[in-house]
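Below is one structure; the comments refer to it alone.
The values are calculated or read from the model by the stated rules, or taken from the named source; none is laboratory data. For clarity, every value in this text was computed on a predicted model and none was experimentally measured. Because the Cβ atoms are built from the backbone with ideal geometry, glycine has one as well, and the counts that use them run over all protein chains shown.
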Amino acid sequence: MNKETHQFTHFVHDKTNSNSISHNNVISLKAAKNGLVWVGTENGGLNILDVKNGLFERYQYDEFDDASLNGNSLYSIYEDNDDNMWIGTWNGGINLVHQDAQKFPHFRHTSSPYSLSDNHVSCIYEDSKEMIWIGTDGGGLNLMDPETGKFQHFKKSNQANSIAGNYVLSVCEDREGEIWIGTYGDGLSVYNRKNKTFRNIKHIPGERGGLISNYVWNVFRDSEDKIWIGMCSGGLNVYDPDTKKFTSYTHNEHDINSLSHDNIHSIFEDSRGYIWVGTNGGGLNCFDKKTGKFIHYKHE
């Protein structure tokens, strides 16, 4: 999308063009610091777009090459502070791509207690201490020390201060250094590093000013240190660390400036402070913090 003209450029798979995107079902996206755009697809592998010429370079799983991508469904792509790219796959674990490398070192669940807890990786995040957090689909949360390559596991237990659930979809760090974890069906967990315990926040029916759903798809910290929480169904929550209160935004069919859809898939802040919200079924939203209004971009 051109920020000045608001016009979109489309990239679609063309079976006659090896430099087109490999698959039209895109499920993860990351603009790298060097200007290239990494695109993860469902069953189509990895695509790297050079925005200058509009050409894609493709990488896919090869069962005869141990150094290839270890899966073709890429659910998360993350760039760390050292410009390495971390790729989370569905049932393949993690691929680590060092800058300018063509090989993909793998991290998978094995019999070792220090391996990844589950190979279905849903999110990857690097915190301020350069530790890597990995959310999985059913295997809970992992904390990896890049120096040792060992994984620490956090799974739901009967203890009150354990993580809320094992289906972890998103992770981010707040200004105090606490780790916010979004789960599917079990609300939010907030991890305190000092006492090594979780504080769990759940939707309570009828409660005003609380979490609007337990199905948390995305958590994102903006430039004002507010935490944006996107729901699989239910809309948006915004947590203000100063007031310690939640504000909610939902779709209202009678208000053209409301959120276009309550099924939220992605949240991003641009350099001008606008919040962009991707939905499943309602297109793209741009939120202006000053006016409190959403602008919609939909397929026509």
In the stretch 122-149, how many residues are surrounded by 14 or more Cβ atoms within 10 Å (Cβ to Cβ), farther than 17 Å from Asp186 by Cα and among the charged types (D, E, K, R)? 3
Within the stretch 141-175, residues touching a Gly at 6+ places or on another chain (Cβ under 9 Å) and either part of a strand (DSSP E or B) or under 12 Å from Tyr125 (Cβ atoms) (or both) come out as Leu141, Asn142, His153, Phe154, Tyr167, Val168, Leu169, Ser170, Val171, Cys172
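Per-residue answers, yes or no, for (1) touching a Leu at 6+ places or on another chain (Cβ under 7 Å); (2) at pLDDT 95 or above:
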{"residue": "Val168", "(1), (2)": "yes, yes"}
{"residue": "Glu176", "(1), (2)": "no, yes"}
{"residue": "Ile179", "(1), (2)": "no, yes"}
{"residue": "Gly182", "(1), (2)": "yes, yes"}
{"residue": "Tyr191", "(1), (2)": "no, yes"}
{"residue": "Arg199", "(1), (2)": "no, yes"}
{"residue": "Glu207", "(1), (2)": "no, no"}
{"residue": "Ile212", "(1), (2)": "no, yes"}
{"residue": "Val216", "(1), (2)": "yes, yes"}
Test set (1) touching a Cys at 6+ places or on another chain (Cβ under 8 Å); (2) in contact (Cβ under 8 Å) with a residue 24 or more places away in the chain; (3) of a type outside the set (Asp, Glu) - Ser258 fails condition number: (1)
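Residue-by-condition table, conditions (1) at pLDDT below 95; (2) among the polar types (S, T, N, Q):
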site: Glu4; (1), (2): yes, no
site: His10; (1), (2): no, no
site: Asn25; (1), (2): no, yes
site: Val39; (1), (2): no, no
site: Gly44; (1), (2): no, no
site: Gly54; (1), (2): no, no
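Here is a yes/no grid of residues against (1) buried (at least 22 other Cβ atoms within 10 Å of the Cβ); (2) of a type outside the set (Val, Ile, Thr):
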site: Gly165; (1), (2): yes, yes
site: Leu169; (1), (2): yes, yes
site: Arg175; (1), (2): no, yes
site: Trp180; (1), (2): yes, yes
site: Gly185; (1), (2): no, yes
site: Ile201; (1), (2): no, no
site: Ile204; (1), (2): no, no
site: Arg208; (1), (2): no, yes
